[in-house]
Amino acid sequence: GGSNLVDETATATITIKGKYARNGVRTPSFLLEIGALDIGQYVSISGATLNTLRLNFPMRNKVTGTMTFVGERGRQSAASLDASPNAASTRNFLSTSSNIGHLWEGGATLATGIMNLTLEVNGNVRIVGAVNSKPPVGVGFGWFEASGTMEAYFEDAVLLNKFIDHTA
């Protein structure tokens, strides 16, 4: 036998809300090259997948960050993969005092002064090994994690109460 689900009222309304980030739906990878230009030696890493990203937004300063990659295979060479690489950028850096337009909270511009922000994402990427292969045979995905910090001026209790009340 089966079961039949019946809506008991003709005017029932069901609302389902959710937010999530799915890790591993699309698997972009890169070919990275590290060059020791003074001795003419290069290492290329294929299948490099972004694992972690950390961005720092200190007040009146440069936006800085770091990235880590997990790669499938590394190869040494005495020649670069790119015989004529692009010249280094001469553009200015991103500044938190002139390149950040607005910070929004709850659909409105945040009125509280912010001293520092950090953002961290972690894909928990791992190498996939095999008995018959020295280098990894692929990259596996773990749980996606996002976190951050904010240092704000204590001007009033508005942000403090939102934090205490777990306001989204």
**Message:** Which residue is farthest from residue 115 (Cα to Cα), if the candidates are limited to segment 85-95 and must be surrounded by 10 or more Cβ atoms within 10 Å (Cβ to Cβ) and more than 18 Å from the chain's Cα centre (by Cα)?
**Reply:** 85
**Check on residue 102, within 23 Å of the chain's Cα centre (by Cα), open to solvent by 80 Å² or more (accessible area, probe 1.4 Å) and not hydrophobic (A, V, I, L, M, F, W, C)** = yes
**Request:** May I ask you to verify whether residue 12 is at pLDDT below 90 and open to solvent by less than 80 Å² (accessible area, probe 1.4 Å)?
**Result:** yes
**Asked** How many residues are of a type in the set (A, V, I, L, M), within 24 Å of the chain's Cα centre (by Cα) and farther than 22 Å from residue 55 by Cα if we restrict to segment 150-167?
**Response** 0
**Message:** Please go through segment 58-75 and give me each residue that is in contact (Cβ under 8 Å) with a residue 24 or more places away in the chain, assigned to a strand (DSSP E or B) and within 22 Å of residue 122 (Cα to Cα), ordered by number.
**Reply:** 58, 69, 70, 73
**Prompt:** How many residues are open to solvent by less than 40 Å² (accessible area, probe 1.4 Å) and either of a type in the set (A, V, I, L, M) or outside any strand (DSSP E or B) (or both) if we restrict to segment 32-47?
**Reply:** 2
**Request:** Give 55, 50 a once-over and let me know the one that is in contact (Cβ under 8 Å) with a residue 60 or more places away in the chain, in a strand (DSSP E or B), more than 20 Å from residue 117 (Cβ to Cβ) and open to solvent by 40 Å² or more (accessible area, probe 1.4 Å).
**Result:** 50
**Prompt:** Do we find a residue being more than 17 Å from residue 44 (Cα to Cα) and surrounded by 10 or more Cβ atoms within 10 Å (Cβ to Cβ) anywhere in segment 69-84?
**Reply:** no
**Asked** Can you name the residue in segment 116-167 that is part of a strand (DSSP E or B) and polar (S, T, N, Q) and is also nearest to residue 60 (Cα to Cα) among such residues?
**Response** 116
**Fill in**
For segment 133-144, pairs from a residue that is over 12 Å from residue 70 (Cβ atoms) and open to solvent by 30 Å² or more (accessible area, probe 1.4 Å) to a residue that is modelled with pLDDT of 85 or more and of a type in the set (Val, Ile, Thr), with Cβ under 6 Å and 6 or more apart or across chains, are 137/128
**Request:** Using the structure shown, decide if residue 103 is aliphatic (A, V, I, L, M) and in contact (Cβ under 8 Å) with a residue 24 or more places away in the chain.
**Result:** no
**Asked** Just to be sure, is residue 115 modelled with pLDDT of 85 or more and open to solvent by 60 Å² or more (accessible area, probe 1.4 Å)?
**Response** no
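The values are calculated or read from the model by the stated rules, or taken from the named source; none is laboratory data. As the structure is a computational prediction, the values presented were derived from the model and not from experiment. For neighbour counting, all protein chains shown are included, and Cβ atoms are generated from backbone atoms with ideal geometry for every residue, glycine included. SASA here: full protein model, heavy atoms, side chains in, ligands and nucleic acids out. Shrake-Rupley method; radii C 1.70, N 1.55, O 1.52, S 1.80 Å.
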